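This report refers to the structure that appears directly beneath it.
Computed from the coordinates by the stated procedures, all read-outs in this text should not be read as laboratory data. Every value quoted in this text rests on a predicted model; they were computed, and no experiment measured them. So basically every Cβ, Gly included, is an ideal-geometry build from the backbone, and we count neighbours across all protein chains shown.
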């Protein structure tokens, strides 16, 4: 009866009772599985292109035939479609997400020496755009449960110089917007959503991008909705904000060679508009798959010695990243790489501790929750092309390395 058993299975003594024997077999299978590796990329844009190639190439050819290489019909169509997707009246397509942040702040009246409240747990561009306006970023610590700006700390950061609040929907999880909007209304402040990582996320049933006076998106290739190059957008219901952004993106022009003010060259390329229109049609299915993978990660990692951000059941996270927090993060990341599991650290250092912002004089310990998060965070692979086997392999490897609670 034991002839079919592998040598490893024969390690289980024959006198072990059946239930114990079954458990022992299971442990042997796990040990055998640990000896194998499975390559798991954090993102696979090549596979995504292979899926979309037959749709993408005719669209790019259409741009070439129309010679609409900057702005043009495809970009205009994308603006209409993305505004409808976000539930806003306007979408202004731009060169990249940083340009969108810059114009969004300017459109909301941020000027030199103003202050803008934002999160230190974000990509540097969030703060850079404030600096581009000549304003000063004022950081507020994060809620450790969500990694987003903690609304309870916002009001105490307001001064007579405060002009706007810039919440970040980090990792695709909506910031807690209702208390932020209440604070903004009380103090006559403007809100610009940084939705660069949150295409399609919902807060209390409403899409991000429609929750402030304006919002900005990035279409960098790694985003849930990514271009084939750089791209960005501003969404708003405010006619004047949209009018300003449309002129400012094209050297302050309100008509051809009519320059009302000194603007910028922040226009979207025609190719990117064509690509984004196609990808937008797939975003619903891609988002559903990311959410499915996230649920499976949560199930498989339950009880492991790590932490995961909390999702509010009233909202909808789109999981641009699936982040976890663990002690000895660097060692775990190295060991996962040895198993061919790719991870990324988002972000290894909060903005206030970056050399670029040392002039603010904010030492370590100023924002303890953000600092602790950056010391322990890493992102697991999550993209629509992941297989169930890859998800299980990642989760079992992480669980083995971090141990049980």
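Between 88, 387, 343, the Gaussian network model of the chain with springs among Cα atoms under 10 angstrom shows the greatest mean-square fluctuation at 387.
Quick check for you: which residues of region 46-68 have the amide N under 18 Å from the point 7 Å beyond the Cα of residue 285 toward its beta carbon? Once the point is set 7 Å along Cα→Cβ of residue 285, 46-59 turn out to lie under 18 Å by backbone N, inside region 46-68.
Taking every Cα-Cα distance in region 209-291 and sorting them into 5 Å bins from zero, the calculated P(r) comes out as 3, 13, 19, 19, 21, 14, 6, 3, 1, 0 percent. Once both labels are positioned 7 Å from their Cα atoms along Cα-to-Cβ, the gap between residue 124 and residue 161 label points is 2.2 nm. Compute the long axis of helix 270-301 from its Cα atoms, compare it with the longest principal axis of the Cα atoms of the chain, and write down the angle in degrees, 0 to 90, nearest 10. In the chain, helix 270-301 runs at an angle near 40 degrees to the longest axis. For region 63-104, the Cα gyration tensor yields ellipsoid semi-axes of 20, 15, 6 Å (square root of five times each eigenvalue, largest first, whole Å). Derived value for region 46-277: Kirkwood hydrodynamic radius 17.9 Å. Basis is the mean of 1/r over every pair of different alpha-carbon atoms. Remark on region 122-225: Rg and Dmax equal 13.1, 39 Å (Cα only). Which residue fluctuates the most in the chain, going by a Gaussian network model with Cα springs under 10 Å, if the choices are 46, 279, 223? Per the Cα network of the chain with a 10 Å cutoff, 46 tops the list.
Give the shape of region 361-404 as rounded, prolate or oblate, defined through the alpha-carbon gyration tensor: a ≥ b ≥ c are the square roots of its eigenvalues, a/c under 1.5 means rounded, and otherwise the shape is prolate if a/b is larger than b/c and oblate if not. Oblate, since a/c reaches 1.5 and b/c is not below a/b. With the simple spin-label model, which puts each label point 7 Å out from Cα in the Cβ direction, the residue 302 to residue 338 separation comes to 3.1 nm. Could you work out how far helix 45-66 tilts from the main Cα principal axis of the chain, as a 0 to 90 degree angle to the nearest 10? The angle comes out at about 30 degrees.
What is the diffusion coefficient of region 229-356 in µm²/s, taking the Kirkwood radius over Cα pairs and the Stokes-Einstein relation at 25 °C with a viscosity of 0.890 mPa s? Walk me through the numbers before you get to the answer.
Working: Rh = 19.3 Å.
Once the numbers are plugged in, D ends up at 127 µm²/s.
Calculated FRET efficiency, residue 178 and residue 84, Cβ-Cβ r, R0 22 Å, to nearest 0.05? That gives a FRET efficiency of 0.35. Take the Cα of residue 186, go 7 Å toward its beta carbon, and none of the backbone nitrogen atoms of region 198-214 fall under 13 Å from that spot.
With each label modelled as a point 7 angstrom along the Cα→C-beta vector, the residue 204-residue 239 pair spans 2.7 nm.
Seen against the Cα atoms of the chain and their longest principal axis, helix 18-34 is set at about 50 degrees. Based on alpha-carbon atoms, the Kirkwood radius and the radius of gyration of the chain give Rg/Rh equal to 1.05. Distance from the Cα centroid of region 244-277 to that of region 295-348 is 39 Å (rounded to whole angstrom).
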